[in-house]
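Novice: Supplied in structure tokens, the structure appears directly below.
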Amino acid sequence: AAKAKGRGQLALFDRALDAKVQQRRRTEQDLRVALLEGGLRVHYQPVIDIATGRTTAYEALVRWDHPERGMLPPDEFLAIAEETGLIVPLGEFVIRQALTEMAGWKGNFRLSINLSPSQIRSVDLLPTIADALAATGFDPSRIEFEITEHVILQADSSATATLDRLRASGIKIALDDFGTGYSSLSYLRRFPFDRIKIDRSFVKDLTTSASSRAIVSTVIALGRSLGMQVTAEGIEDRAQLQILGELGCDEAQGYLILEPLAASELDRVRAGLGADRGDGVLDY
Ligand code: C2E
Ligand code: MG
Ligand code: MG
Ligand code: MG
């Protein structure tokens with residue numbers, strides 16, 4: 001009986017695994033269709049200069065406008081895209097779309113775009129960027145790619161060469177989600193980043209935790225002495241922004257300032273600012 005029960009549980013386990021595999025396969029197929037049929041969107045979140053309040057950058061964040069499940073965040077599909085290689089055409093879409101949508105916008109702001117490990121490894125990346133730059137006339141020195149420690153960790157010599165090529169063309173490189181990996185300091189030595197983005201987990205308890213405050217303060221000092229700009233992400237209240245300003249953090253990004261929005265929605269917000277230069281002070 002024990003044996004039978006064991007088999008029963010195994011069968012249950014098999015079925016659960018099956019369902020999971022099927023769900024992933026389904027997502028992969030749906031994502032392929034979305035890529036072909038224009039189901040992906042790019043939303044943009046502003047980044048401000050803390051001292052002046054002016055908008056300095058917009059970060060492009062991919063969304064999937066799913067026919068049944070609604071607007072899906074990257075958490076729902078990025079891992080599958082990365083595993084299946086679909087991240088490469090997905091990333092191409094984001095680059096082309098973001099440059100196209102932003103090319104017409106007035107203002108002296110950067111455009112930030114996230115790159116995953118397999119995108120950096122892909123031989124298609126540099127030609128894709130070159131094509132998008134040529135098609136839109138976007139100034140490469142206004143583009144900043146954001147990579148995480150995973151990229152540096154998995155970087156072979158060709159990936160490093162790609163990063164060097166990007167920097168040589170004037171494109172900036174930021175280290176995203178800083179502090180969430182494990183040997184962050186060695187990465188800072190291995191690659192000359194233009195910017196460090198402090199992960200929002202440190203910002204979250206900035207007002208209540210002395211150790212978070214100490215860490216953030218140290219990262220800001222580190223960035224400064226390495227000649228790197230520092231942006232804090234995930235600012236949700238005024239107290240956090242206040243402390244970051246006091247600590248000398250350069251830039252901030254978060255729901256307090258504005259959530260990521262479609263270009264058309266953001267256009268309305270920008271129009272409301274009355275800022276013809278497009279880099280006006282957001283009223284948060
Ligand atoms: P990330 O690059 O660190 O982007 C910041 C994430 O924090 C975004 O999540 C943004 O919506 C969210 N966020 C912004 N402000 C706040 C806040 O005040 N509070 C909280 N709780 N969250 C905030 P999102 O859009 O879901 O993106 C998640 C991650 O997916 C990104 O993290 C990035 O690593 C990746 N990603 C997004 N778009 C792309 C893309 O086009 N290509 C690649 N390769 N990765 C992308
Ligand atoms: Mg990012
Ligand atoms: Mg981040
Ligand atoms: Mg992140």
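The values are calculated or read from the model by the stated rules, or taken from the named source; none is laboratory data. All of these numbers come straight from a predicted model, not from anything done at the bench. Ideal geometry is used to build each Cβ from the backbone, glycine not excepted, and the neighbour counts take in all protein chains shown. The area values use the complete protein model at the heavy-atom level, side chains included, leaving out ligands, DNA and RNA. Shrake-Rupley method; radii C 1.70, N 1.55, O 1.52, S 1.80 Å.
Novice: Measure off 7 Å from each Cα along the Cα-to-Cβ vector at LEU17 and GLU37, then give the distance between these two points in nanometres to one decimal.
Specialist: With each label point 7 Å from Cα toward Cβ, the separation is 3.3 nm.
Novice: Here's something else I'd like to know. Would you mind telling me which residue in VAL21, VAL88, VAL269 has the biggest mean-square fluctuation in a Gaussian network model of the chain, where springs connect alpha carbons within a distance under 10 angstrom?
Specialist: Result: VAL21 has the largest fluctuation of those listed.
Novice: Here's another thing I want to ask about it. Just the number please: accessible area per residue for segment 48-98, 1.4 Å probe, all protein chains included, in Å².
Specialist: Normalised by residue count, the accessible surface of segment 48-98 is 43 Å².
Novice: Moving on to the next point. Can you pull the one-decimal nm distance between simple spin-label points at ARG238 and ARG7, each 7 Å off the Cα toward Cβ?
Specialist: Between ARG238 and ARG7, the label points sit 6.9 nm apart.
Novice: On to the next question. Have a look at the DSSP beta bridges in the chain and tell me what percent are antiparallel, nearest 5.
Specialist: Close to 45 percent.
Novice: Moving to a separate point now. What number comes out for the charge environment of ASP18, summing +1 per Lys or Arg and -1 per Asp or Glu over other residues with Cβ under 15 Å away?
Specialist: +4
Novice: Could you give the C-alpha radius of gyration of the chain expressed as a fraction of 2.2 N^0.38 Å, taking N as the number of residues it contains?
Specialist: Cα Rg divided by the expected 2.2 N^0.38 Å: 1.11.
Novice: Take a quick pass over the chain and tell me how many lysine pairs come in under 26 angstrom between Cα atoms, counting only ones 8 or more apart or on separate chains.
Specialist: Lysine pairs satisfying the spacing and distance rule in the chain number 5.
Novice: State the percentage of accessible surface on segment 1-156 attributable to carbon and sulfur atoms; use a 1.4 Å probe and exclude ligands, DNA and RNA.
Specialist: For segment 1-156, the apolar C and S fraction of the accessible surface comes to 54 percent.
Novice: Now a separate question. Over the chain, with a Gaussian network built from C-alpha contacts below 10 Å, which listed residue (ARG54, ARG190, ARG142) shows the highest mean-square fluctuation?
Specialist: Greatest mean-square fluctuation among the candidates belongs to ARG190.
Novice: Another question, then. Students often check this: by mean Cβ neighbours within 10 Å, which of 101-112, 8-19, 160-171 ranks highest, and how do the rest follow?
Specialist: 101-112, 160-171, 8-19
Novice: Would you mind calculating the gained length between ARG189 and ASP164 on full extension (0.36 nm times residue separation, minus the Cα-Cα distance), in nm to one decimal?
Specialist: Contour length minus Cα-Cα distance gives 7.6 nm.
Novice: Place a point 7 Å from the Cα of GLU83 along the Cα-to-Cβ direction; which residues of segment 132-157 have their backbone N under 20 Å from it?
Specialist: Residues passing the 20 Å test: 150-151, 154.
Novice: Mind checking the full-extension length gain between GLN154 and LEU126? Use 0.36 nm per residue of separation minus the Cα-Cα distance, one decimal, nm.
Specialist: Using 0.36 nm per residue and subtracting the Cα-Cα distance, I get 8.3 nm.
Novice: Using r as the Cβ-Cβ distance of ARG268 and THR207, and R0 as 41 Å, what FRET efficiency do you calculate, to the nearest 0.05?
Specialist: Result of the calculation: an efficiency of 0.80.
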